[in-house]
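Enquirer: Here it is: the structure, laid out below.
The values are calculated or read from the model by the stated rules, or taken from the named source; none is laboratory data. Not measured: the values here are computed from a predicted model. Neighbour counts are summed over all protein chains in view; Cβ atoms, including those assigned to glycine, are modelled from backbone coordinates with ideal geometry. To get the accessible areas, we keep the full protein, side chains included, count just its heavy atoms, and leave off ligands, DNA and RNA. Shrake-Rupley method; radii C 1.70, N 1.55, O 1.52, S 1.80 Å.
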Amino acid sequence: EVVDFKLFINRVIDRFEMTHKEDVVFTRHIPDAPLFTDISVDKMGQVLDNVLSNAIKYQHGEPKRVDIHLKQNTLYNRMTIRIKDYGLGIPNNKVERIFDRFYRVDKGRARKMGGTGLGLAISKEIIEAHNGKIWANSVENEGTTIFINLPCEVIEEDEWDV
Ligand code: ATP
Ligand code: MG
């Protein structure tokens with residue numbers, strides 16, 4: 001279904017903000033202009049739920065901080081979503097593997113925190129089914145950024161006039 005991704009992601013963040021009033025500060029860098037894209041709202045919601053939950057889960061100390069950026073690339077009919085945390089980070093040689101099924105960086109830590117280690121593997125499947133890409137950048141003890149690149153509909157300036 002075609003949705004305004006700006007509205008969609010704002011709603012997801014609103015929901016997280018409500019349940020994390022006390023412990024997380026969310027910063028949004030989201031443009032005002034609508035950004036249309038054809039997605040499964042359910043599945044994309046699952047992806048954002050997991051990535052945002054990870055950003056909170058793998059971050060200690062308070063307040064936790066999560067920055068969300070949304071940017072359109074007008075040249076290629078694509079947009080990029082960036083979700084940045086200031087948490088535990090991931091060792092360099094393990095960053096690639098977080099998208100593998102059941103992979104968890106620290107098994108002991110992961111067991112205590114619950115979950116299955118499937119979140120990012122499922123997220124990757126969903127993003128790829130939407131002709132998108134998902135990847136991570138991370139520095140141990142500094143934080144992690146998850147990037148999601150997806151197709152979107154570019155509204156050309158000359159189309160505004162008609
Ligand atoms: P599930 O999502 O199934 O509840 P999970 O969160 O452990 O469990 P994934 O979301 O697939 O599984 O993440 C895989 C692993 O990647 C995590 O166990 C964690 O070690 C690491 N990871 C994911 N996101 C972050 C992050 N933002 N900061 C640090 N480590 C992360
Ligand atoms: Mg997870």
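Enquirer: Just how much of Arg97 is accessible, in Å², when a 1.4 Å probe is used and the result is rounded to the nearest 10?
Expert: 110 Å²
Enquirer: Quickly rank 48-59, 16-27 as a protection proxy: mean count of other C-beta atoms within 10 Å, highest first.
Expert: Working: 48-59: 20.1, 16-27: 12.6.
Output ranking for 48-59, 16-27: 48-59, 16-27.
Enquirer: Right, next: Would you mind checking the tilt of helix 41-57 against the longest principal axis of the Cα atoms of the chain, expressed as 0 to 90 degrees and rounded to 10?
Expert: 40 degrees
Enquirer: Sticking with this structure for a sec: Packing-wise, with mean Cβ within 10 Å as the measure, how do 83-89, 40-46 rank, highest first? Display every interim value, and only then the final one.
Expert: Values: 83-89: 20.1, 40-46: 15.1.
Taking the mean over residues of other Cβ atoms within 10 Å, the ranking is 83-89, 40-46.
Enquirer: Check which residues have an amide H placed less than 5 Å from Arg78's amide H, if you skip close sequence neighbours.
Expert: Asn73, Cys152
Enquirer: By how many degrees, between 0 and 90 and to the nearest 10, does the Cα long axis of helix 5-19 differ from the longest principal axis of the chain?
Expert: For helix 5-19, the angle is close to 30 degrees.
Enquirer: Using the Cβ atoms and a cut-off under 10 Å, what net charge is assigned to the surroundings of Arg82, where Lys and Arg are +1 and Asp and Glu are -1? Each step should come with its number before you reach the end.
Expert: Details: positive: Lys71, Lys84; negative: Asp67.
Around Arg82, the charge tally is +1.
Enquirer: Can you find, among Gly61, Ile83, Phe26, the residue farthest towards the positive end of the dipole of the chain? Put +1 on the C-beta of Lys and Arg, -1 on that of Asp and Glu.
Expert: Farthest towards the positive pole: Gly61.
Enquirer: Please determine, in degrees from 0 to 90 and to the nearest 10, the orientation of helix 119-129 with respect to the longest principal axis defined by the Cα atoms of the chain, where the helix direction is its Cα long axis.
Expert: Between the helix axis and the principal axis of the chain, the angle is about 20 degrees.
Enquirer: Using modelled amide H (1.01 Å from N, peptide plane; none on Pro or chain starts), what sits under 5 Å from the amide H of Glu140, excluding residues fewer than 5 places away?
Expert: Ile90, Asn92
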